[in-house]
Amino acid sequence: PDDPASRWIKGRILIPHVGAPYAMSMAKTCIEECVRTHTKCQAITTYPIGSAPLPTRLIDCSNPDRLRIVETKPGMRGLYVALSYVWGEPQPHRTTKANLTYYKVRIDSAILPQTIRDAVWVTRALGIGWLWIDSICIIQDSEKDIHQELGRMRDVYRHAFLTIDAGSAARVSDGFLQIRRLNPEPSACLPFVCPSHDHRVYPSAGNAQVGMIYWVPSDDPLKLVPEDDDWDYGTTSDRAWCLQERLLSTLSLVFTSQTLQLRCHTHTQNVGGAYHDGLNDVPRLPEAILLPNRSILRSSDEWEEICYRWRNIVGDYTQRSLSNPSDKLVALSALAELFAPTLGPDYLAGLWRDTLLYDLLWMPRLTSAARPIRRYAHAPSWSWASYDGGVEFPNRLGSGRVSAKVIKCTVNLQNKNLPFGEVAGGSLVLAARLIPCKWDGSDSIDSKRALDRGQESAYRSVKIGPWAPRLSSSTEDDHLVFAFRTDCDDDEALHEMWFIPLLEMTGEGVAGLVITRAGRDESDRRREVYRRVGFWDFWAPHAMDVIRQWQYPKEAIELV
């Protein structure tokens, strides 16, 4: 902006020197503009700047040669920065019960990995004295402290003045302030003679202002910056833990692999003014759940939109990598806590009681990933948290009418103080039709499965495969033919399965679950219990009318 050519040349190149003082200066200008002029960001800010409650512990960065842990007192308020980053490797510097006392006096910066040292530098460059980092501000070998701080994670990122997103660092030892390589790179820096203020008069040699412009060769001038499809948002966009950290943060300074960005609730912008259309940004949280004291009427359009947004978040989250499978629910718990006043209060292993019959209809996202897709025992089979892979929900859920009833649903929490955290199983009892399925036993893509009314000669079948798209469905006489795929490879060889319809789409079709026997109820050995095998849907007019004609009665079906 100090170059006289900036008045006439509006295009900007990406900032490659993301750790340079001028980059931090421009970042501070963007931050100040957001704080001062963004009414949408102001509306969702819970506390005035500098008066937010402080986390349990913070790193005092006021003296870079004498970093130390500060333990705050209840009621303390102030301004702090949080860090979102990928661990990617062991953390020998982490706070433990053995070194906590020493760290409260001094943390030797020489033992800190580069990402943390970079975060300290950025915090100080922004003029802020306190920094929150999970590996240092949580006692990592104390289960009690971990559980306590996990329960406060929502507030840590919601109340931080700013989150530093170390997107370019694949591991904590990498750091994120390296000079970026521009693509395409400017070929030359050329002088630009600025026009006179009176456009009719060309400036003379004596009073002309000369600025500098970059020349970037390109067949398409609109592609002087990466398109969003080609944009590398960094490793934090691939990690499960980082999703809630990004969404909960009101303001984030994002160190991508290409440049430096500022992300707020209003928009995402490249610091320095380079073009960014933001089409593929991670969508923001619904404004309604962030506004203080906002009451949302159930079944309203606004409430339906929040339900839809939650399922989209689950879809994004389940595609991300997670080192510890038992964290599947924990790493989303802060977001679940935020959605609970609107969708809750009962949270059942990733699903909500009030929308349970809809939430049960998750299905594996088609993928070409060359990794085993299996089911985890740390969550009930009917929860998406039991599935190792990305999930999605049918687009037409909103227009459905339920064809089953929830009798009872319970989950066993690992820690009763963490209602949105890890579970150790659960039970779901439905009143639904239990319809048998016949399969000819083939394991190829030509496998055949169909609904049958109990007559061996009456069933028909369709082609399926573990990654094949659902094929077109049809009705013939007294049976239905439809496509189906199991959730997991391990279940492809199953011969005994049942279908339970859950949702009827008016005049369009029906959707439900495929289940198989899981054993006997421990308290009543005479009663069967089942587990989920997969999702099925059948899109044909009057499909549910055909199913009703079969006269299968509704019965109590327990899923684990």
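The values are calculated or read from the model by the stated rules, or taken from the named source; none is laboratory data. This structure is a prediction, so every number in the text was calculated from the model and none was measured. Because the Cβ atoms are built from the backbone with ideal geometry, glycine has one as well, and the counts that use them run over all protein chains shown. Side chains are part of the model used for accessible areas, which takes the heavy atoms of the whole protein and leaves out ligands, DNA and RNA. Shrake-Rupley method; radii C 1.70, N 1.55, O 1.52, S 1.80 Å.
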Margin query: Can you give the Rg/Rh ratio of region 1-150, where Rg is from the C-alpha atoms and Rh is the Kirkwood radius?
Written below: 1.04
Item checked: region 257-302 - convex hull of the alpha-carbon atoms, volume per residue in Å³ -> 105
Check: Under a 1.4 Å probe, what is the accessible area of region 270-320 per residue, stated in Å²?
Finding: 51
Check: Using only Cα atoms, what is the ratio of the radius of gyration of region 77-117 to 2.2 N^0.38 Å?
Finding: 1.33
Margin query: I'd like to know which of Val406, Ser381, Asn395 lies farthest towards the positive end of the charge dipole of region 374-425, counting +1 on Cβ of Lys and Arg and -1 on Cβ of Asp and Glu.
Written below: Val406
Next item on the list: Measure up Lys97/Lys328; Lys328/Lys405; Lys40/Lys97; Lys73/Lys97; Lys97/Lys408 against 31 Å on the Cα-Cα distance and list the ones that go over.
Entry: Lys40/Lys97; Lys97/Lys408
Item checked: Sparse-neighbour loop sites [trypsin sites (Lys or Arg not before Pro); region 1-35; at most 15 other C-beta within 10 Å; DSSP] -> Lys10
Item checked: Protection-proxy order for peptides 48-57, 333-342, 537-546, each taking the mean of Cβ atoms within 10 Å per residue, highest first -> 333-342, 537-546, 48-57
Item checked: Rounded, prolate or oblate (a/c below 1.5 giving rounded, otherwise prolate when a/b exceeds b/c) for region 69-156 by Cα gyration tensor -> rounded
Checklist line | Positive-end extreme of charge dipole, region 271-340 - chosen from Ile296, Ala334, Cys307 (charges on Cβ) | finding: Ala334
Next item on the list: Report the convex hull volume per residue for region 59-102, counting only C-alpha atoms, in Å³.
Entry: 127
